[in-house]
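Report on one structure; see the data block that follows.
The values are calculated or read from the model by the stated rules, or taken from the named source; none is laboratory data. This structure is a prediction, so every number in the text was calculated from the model and none was measured. All Cβ positions, even for glycine, are placed from backbone atoms using ideal geometry, and neighbour counts span all protein chains on display. To get the accessible areas, we keep the full protein, side chains included, count just its heavy atoms, and leave off ligands, DNA and RNA. Shrake-Rupley method; radii C 1.70, N 1.55, O 1.52, S 1.80 Å.
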Amino acid sequence: EGPALDWETLPARVEAVIAERVGRLDAASQEALRVASVEGETFTAEVVARVRSADEGDMVERLSGQLDRVHRLVRAQEIQRLGARRLSRYRFRHNLFQNYLYQSLDPVEQAHLHEAVGTTLEALYGEETDQIAVALARHFQEAGIGEQAIDYLLQAGEQAKRSSANEAAIAHLAQSLELLKTTPETPERDQRELDVQLALGVPLVFIKGHAAPEVEATYARAR
């Protein structure tokens, strides 16, 4: 037990059982599940369909029929309404299935699919990306697109501030600052850091107080 799964210490029998169950599927179903594993333990049929250039209705039928009722690898969760758009949400029946499928992708495939999933989620959510800003930050960070990841972490931090979730806001904004250290020094990068530092000051004041060294350092750096 632990917060992360180490396939090197997982009994070989467990991985073999999962491999055997996944191996029963046709190639199209296996590829669909690999895309789903990149989105996460909970995923969206419409995202998988678009990334795979497949019909959305056919994808729902495949997930609910073959992969849920027959092979018991996923479970239908809910329909989420996003304006006039319907998003069909599914979940892997066990996180070991999701982990196995994700680890079956090499690093290049993972990065490519993270970018594809992130871009597809952006298109689906439109002006409501603040609902999934943390997830978008993760996808673009894993895709190696640091600037977009930083922007979404800032968005997530601002949203957390509005909800008075100050500790979460600090965590998102601190992660954004760490990513900024990996980007080239340009005027655009400096503007991003200024936005993040100013955003970070507010929740730090609420948590630490006006006289805290962290607050002073944040505003000094912003200045």
Pseudo-spin-label distance Y219 to E185, built 7 Å along Cα→Cβ, given in nm, is 2.7
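Excluding ligands, DNA and RNA, what is the solvent-accessible area per residue of the stretch 93-199 at a probe of 1.4 Å, expressed in Å²?
Per residue, the stretch 93-199 has an accessible area of 50 Å².
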In nanometres, the difference between 0.36 nm per residue of separation and the alpha-carbon distance of R162 and F206 is 14.6 nm
Here the gain from full extension of V14 to D106, 0.36 nm per residue of separation minus their alpha-carbon distance, amounts to 31.1 nm
In degrees, nearest 10, the alpha-carbon axis of helix 213-222 is tilted away from the dominant principal axis of the alpha carbons of the chain by 90
Contour minus Cα-Cα span, Q30 to L198, at 0.36 nm per residue, comes to 55.9 nm
Taking r as the C-beta separation of S53 and A84 and R0 as 25 Å, the FRET efficiency to the nearest 0.05 is 0.65
Using alpha carbon centers only, the stretch 191-217 is separated from the stretch 96-132 by a whole-angstrom value of 31
For the chain, the accessible surface attributable to carbon and sulfur atoms (probe 1.4 angstrom, ligands and nucleic acids excluded) amounts in percent to 48
In the list [x] 48, 44, 29; [y] 78, 43, 26; [z] 61, 46, 32, the entry giving Cα extents along the principal axes in Å computed from the coordinates is [z]
The farthest towards the positive end of the charge dipole of the stretch 11-64, of the residues F43, A28, A12, given +1 on Cβ of Lys and Arg and -1 on Cβ of Asp and Glu, is A12
N95 and Q77 label points (each 7 Å along its Cα→Cβ direction) are spaced in nm at 1.3
The helix 133-142 Cα axis meets the longest alpha-carbon principal axis of the chain at an angle in degrees, between 0 and 90 and rounded to 10, of 80
So the angle from the long Cα axis of helix 107-125 to the longest Cα principal axis of the chain, reported in degrees to the nearest 10, equals 80
